[in-house]
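What follows is one structure encoded as structure tokens, with my remarks underneath.
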Amino acid sequence: MQDDVRPALHEFVVKVNEPVAQDTYRLLIEAPELARTIAAGQFMNLQVPGDASHILRIPLSFSCADAAAGTVELVYAVVGEGTARLAAMAPGQRSTLTGPSGTGWRVPEQPGRVLLVAGGVGLPPVIAAARMLAAAGVGFDAVVGARDAAHLYERGVDELRGMAPDQLCDCARRVLVTTDDGSAGIRGFVTQAVEPLLAERTYVQLMACGPAPMLRGVAELADAAQLPCQVSLERLMGCGFGACSCCNVELAAGGYALCCQDGPVFDAKEVVL
Amino acid sequence: MQDDVRPALHEFVVKVNEPVAQDTYRLLIEAPELARTIAAGQFMNLQVPGDASHILRIPLSFSCADAAAGTVELVYAVVGEGTARLAAMAPGQRSTLTGPSGTGWRVPEQPGRVLLVAGGVGLPPVIAAARMLAAAGVGFDAVVGARDAAHLYERGVDELRGMAPDQLCDCARRVLVTTDDGSAGIRGFVTQAVEPLLAERTYVQLMACGPAPMLRGVAELADAAQLPCQVSLERLMGCGFGACSCCNVELAAGGYALCCQDGPVFDAKEVVL
Amino acid sequence: MSVNMAVDLGGIAMRNPVNTASGTFGNGVQFEGFYDVGATLGAITCKGVAAQPWDGNPAPRLAELPSAIMNSVGLQNPGVAGFVERYGAYLQGLRERGCAVICQIAGHSLEEYARATELFEELAPWASGFEVNISCPNIAAGGAAMGATPAAAAEVMRTVRPLTSRPVLVKMAPHDVAEIGRALQAEGADALSLINTIPAMALDVRTRRSRLARPTAGLSGPAIHAIAVRMVWECAQAVDLPLCGIGGIASWEDAAEMILAGATAVSVGTANLTDPLAAAHVAEGLERWAAEQGVDSITELVGAAEL
Amino acid sequence: MSVNMAVDLGGIAMRNPVNTASGTFGNGVQFEGFYDVGATLGAITCKGVAAQPWDGNPAPRLAELPSAIMNSVGLQNPGVAGFVERYGAYLQGLRERGCAVICQIAGHSLEEYARATELFEELAPWASGFEVNISCPNIAAGGAAMGATPAAAAEVMRTVRPLTSRPVLVKMAPHDVAEIGRALQAEGADALSLINTIPAMALDVRTRRSRLARPTAGLSGPAIHAIAVRMVWECAQAVDLPLCGIGGIASWEDAAEMILAGATAVSVGTANLTDPLAAAHVAEGLERWAAEQGVDSITELVGAAEL
């Protein structure tokens, strides 16, 4: 456990809070110290004012931290009462968050291309991973899955396509979209796009975020290809900083790690997905 | 107990919700059936959305029900979390209320002038009483007390002054204002204005609403003048329609009545103030 | 796709599992302006009534707490004769409309329970059954609850049981529900209602006094729901009696949890104050849920939690 | 205007009455990014630790409820040796900074409690005292809590007491607090901490399964506060020991209620998750309150409710 992860309490101001796909919002907050310190794959835990009967904060990952502007971009799905309340926050409204929390993505040690895989609202942390890789000069391809075209966060896909070109690869980046119903991109699950990519192109690692069944599928393909795979997991969280031990993740070796502290990013082989 | 009081659930729409004095708001709601059926001195119990941790509705009296327009006017003080939430409701917002609830003011059976006495947020139901009297052709004077000029709901005082003139009295209506600090009207409590009025002019009855100490003082003066006195009481309420028995009012003869059903308007002699 | 929603609560036939908790629903008539009580609910449980009138506790009787309220009404009631005089005709009509009527019996001593039962037997032939409130303060024992221990609860039941052949339920306090439930079953209780409000304390820290007129009062509302479900489950493991699950039920989901935990019926309580249509919404929602669960009868879902 | 805020919790000297509830505050270090724990709190209570490491319960361990959460962490812990290795240096420093450090002892049997106490004695000379968690499941007795009855609680205390001369507190479950408190006092407990979480049940009505990995789990948060205050008051009437009041304390007012009800100290628990600064705010607020109440020492307010 990383007891040196010491999130702080930050005030934030909502700058933008706009729908960007069905049940999906893009939130831009001003939180200068957070923007300076948060690393790709880490998360924050937001207090959303309004309903005192919900006592827990809402843990959210981010897609982009702009240290110069002092802003952090989050893209979230409205899935319940808490995120609905968040979607109602207006520009100018203030609240607090705790962060940066947890252990994020790691840039692979070996040189070579990474395959990023995002399913649903797993996309934002994958965008953050892509920015991290691009900044480190590491090439990547990406597969982005969504239920259908309406739920696809297209701007995120465009961002992946538009990031600085690979410095170490001479071939073009591939960013593939899959939807369950074929209303955008390839019809099917992300794994159906990942499998041929793994056969066709060379990767040193996979990095994936999305629903548990998707992560299991991606981890199996990585395993078959004998490639390491980082996965970012989602858990209901009590505190978000190691105080309550509620967000346990089963370890392959037995026992549990804490998603908020040891994760949310884990080596797929170390956890039971 | 009046088991025939059968409030219903009404949807309402906020038309106006504006500050009219310090910590005091005027709320105009559209609720056509309520506007048609509610009687002076009765109340309603509003559901104010937002914070599920507060499970009770907010009981409020009203100042004016306009059956033709389908609207009801409420003037309320922001005194706690619930009324603060109500003050944040914007025009167009909808919620529900239960009502009409309780037993309201009674027009005196004997002919003659009534002295109305209002303290603080006791003013709105007194305005409703004045409208009821004016419609019945009964004359009245009024004493309106407030902490200071800033907390005085002046528009309400103007309404009392501007209502249809008495049909049975040839002398002009008196509407006196008192404030604790003298920043408007007479310096002192309402009783300091009530006492000389009782000595000087002839009344058949008093009708009063305000804080408990004020009601005690007014009831004592009425008693000394051998006049009946109706008082409108305030209690924390569970249901507002006789289901929970939580809003008990001690009876002079022993035992308890329920404020929400037997009141909020009582004969001052029948209750322990 | 039509599910049989009828249940048998210890001999009380209910058209659906929805009952109301004593003291939160007046005596039914107060809700007739909101919906057709007689056509909608499985049963109502009236306010607790004693042989003689009780004044109840002084004000304040109510405090609001997070997702909860506290009350100390103290069973204000007009006595059995006054109750029957005022509400008898309405309640008889309610039963004729298909809604069971459960009268709650209160007492400060075994003698008072007996006398109230006798008076109800004499004056309320329309009552579907009785619920004995064993949380009333025992005047002789310094105010402790009449049925605080298995032995004391059994004694109350032993007193009431021979006096009526109609179904007798017992409203249980929120402690030792397995042991007390077994004791009540042994004494011939037909069903158990649980839980009553949870004793709690709220102080005004400026005046150092209770926020209510009594040092302690009963906590109810959504805050206690998960505790109540656990106690219903514990009691259901311990006894072989139908249970009426009570405690913070504000939605059909809350009621469904109670049924899965082992309750044959459910009582909507504090939610009646928040939303006077709550019990009606629970009845509708339970029927939809039972259909979605694919059962022919709601009784198939009683105790059907997979734990 | 300066009030002496120091209290003595059964031999544990605290600069102010504010402690933290075990399992809600990590082991203190997790909050150092939020405020200076060592300079602010009276004490912290560490997570429960057993002689050998425990894995704890499977996921999910958490559910959100109205004004509350439920958890079933199951005392995941690295064992005394692992705990001391990982946190010993920090905790020794915390004590040197003026904040008492209370280590919580867990066990599945009397032998395990004894072994854990011996290991703490050997490896944690910096501990200010111990809190014995008697709500751990008794493996030999099918999982019932180790200290569920006065006799069983007394037996745990009798096991631990001879093994240390440092203060021993007992973390009490939310039932029979008067009787169990008296039994613990008779066995030499120095102080009592109450209440632990309240057993509760939350079901997913579509799957018919528990929302957590165990059938029941512990309810905590503002929903249970008024119940906890009542139990602290009941226990204070029954015993002559200092109490640490725990249960839904989210504000200084909540803490002040506990003190008025009879608590010498208070532990902030679930509120640490909601607002990591909660315990610090409680400490500030209590000092303002004590000054407004016009006392020279906060101890004058302990049990000072006028009921």
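Tabulated data
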quantity	calculated
Residue within segment C:238-253 that is of a type in the set (S, T, N, Q) and surrounded by fewer than 24 Cβ atoms within 10 Å (Cβ to Cβ) present	yes
Residue identified as buried (at least 17 other Cβ atoms within 10 Å of the Cβ) and either within 14 Å of another protein chain (Cβ to nearest Cβ) or not aromatic (Phe, Trp, Tyr) (or both) among A:GLY240, A:GLY188	A:GLY240
Output for segment A:254-273, where each listed residue is without any contact (Cβ under 8 Å) to a residue 24 or more places away in the chain and within 11 Å of chain D (Cβ to nearest Cβ)	A:GLY254, A:GLY255, A:TYR256, A:VAL272
Hey, A:VAL175 of a type in the set (A, V, I, L, M, F, W, C) and at pLDDT 95 or above or not	no
Selection count, segment C:97-126, where residues are under 27 Å from C:LEU41 (Cα atoms), in contact (Cβ under 8 Å) with a residue 12 or more places away in the chain and either touching a Phe, Trp or Tyr at 6+ places or on another chain (Cβ under 6 Å) or among the charged types (D, E, K, R) (or both)	4
Filter result for the condition that a residue is under 26 Å from C:PHE130 (Cβ atoms) and over 19 Å from the mean Cα position of the chain (by Cα), over C:ILE195, C:ILE224, C:ILE259, C:ILE298	C:ILE298
All positions within segment C:289-299 that are within 11 Å of chain D (Cβ to nearest Cβ) and either in a helix (DSSP H, G or I) or touching a Phe, Trp or Tyr at 6+ places or on another chain (Cβ under 7 Å) (or both)	C:TRP289, C:ALA290, C:GLU292
Where C:MET258 falls short, out of the listed (1) crowded, with 24+ Cβ neighbours inside 10 Å; (2) within 26 Å of C:PRO58 (Cα to Cα); (3) at the interface with chain D (Cβ under 10 Å from one of its Cβ atoms); (4) not polar (S, T, N, Q)	(2)
Leading residue by the ranking (farthest from D:MET70 (Cα to Cα)) among those in segment D:192-217 that are touching a residue at least 60 places away in the same chain (Cβ under 8 Å) and surrounded by 24 or more Cβ atoms within 10 Å (Cβ to Cβ)	D:SER193
Scan of segment D:178-220 for residues that are within 12 Å of chain C (Cβ to nearest Cβ) and either over 23 Å from D:LEU62 (Cα atoms) or assigned to a helix (DSSP H, G or I) (or both), ordered by number	D:ALA178, D:GLU179
Selection status of D:ALA63, within 14 Å of chain C (Cβ to nearest Cβ) and at pLDDT 95 or above	yes
A:THR71 being over 16 Å from A:ALA129 (Cβ atoms), buried (at least 20 other Cβ atoms within 10 Å of the Cβ) and under 18 Å from the mean Cα position of the chain (by Cα)	yes
Residue ID - farthest from the other protein chains (Cβ to nearest Cβ), chosen from residues in segment A:212-237 that are in contact with a helix residue (DSSP H, G or I) (Cβ under 9 Å, 6 or more places away or on another chain) and among the polar types (S, T, N, Q)	A:GLN230
Residue that is more than 9 Å from chain D (Cβ to nearest Cβ) and either among the acidic types (Asp, Glu) or outside any loop (DSSP other than H, G, I, E, B) (or both), where the choices are C:ALA279, C:ALA263, C:ALA223, C:ALA228	C:ALA279
Segment A:75-117, residues that are part of a loop (DSSP other than H, G, I, E, B), within 14 Å of chain D (Cβ to nearest Cβ) and at pLDDT below 95	A:VAL79, A:GLY80
Qualifying residues in segment A:48-68 (those that are touching an Asp or Glu at 6+ places or on another chain (Cβ under 8 Å) and more than 20 Å from A:TRP105 (Cα to Cα)) - the one surrounded by the most Cβ atoms within 10 Å (Cβ to Cβ)	A:ILE55
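For every residue, the table says whether it meets (1) among the hydroxyl-bearing types (Ser, Thr, Tyr); (2) assigned to a helix (DSSP H, G or I); (3) within 14 Å of chain A (Cβ to nearest Cβ); (4) touching a residue at least 60 places away in the same chain (Cβ under 8 Å).
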{"residue": "B:LEU28", "(1), (2), (3), (4)": "no, no, no, no"}
{"residue": "B:GLY50", "(1), (2), (3), (4)": "no, no, yes, no"}
{"residue": "B:HIS54", "(1), (2), (3), (4)": "no, no, yes, no"}
{"residue": "B:PRO59", "(1), (2), (3), (4)": "no, no, no, yes"}
{"residue": "B:ALA69", "(1), (2), (3), (4)": "no, no, no, no"}
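Residues are listed down the side, and each one gets a yes or a no for (1) within 11 Å of A:VAL117 (Cα to Cα); (2) without any contact (Cβ under 8 Å) to a residue 12 or more places away in the chain; (3) of a type in the set (A, V, I, L, M):
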site: A:ALA172; (1), (2), (3): no, yes, yes
site: A:VAL175; (1), (2), (3): yes, no, yes
site: A:ALA184; (1), (2), (3): no, no, yes
site: A:ARG187; (1), (2), (3): no, yes, no
site: A:VAL190; (1), (2), (3): yes, no, yes
site: A:PRO196; (1), (2), (3): no, yes, no
site: A:ARG201; (1), (2), (3): no, no, no
site: A:LEU206; (1), (2), (3): yes, no, yes
site: A:PRO213; (1), (2), (3): no, yes, no
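The values are calculated or read from the model by the stated rules, or taken from the named source; none is laboratory data. Keep in mind the model is a prediction, meaning the values are calculated, not measured. Reconstructed Cβ throughout: ideal geometry from the backbone, glycine too, with neighbour counts over all protein chains shown.
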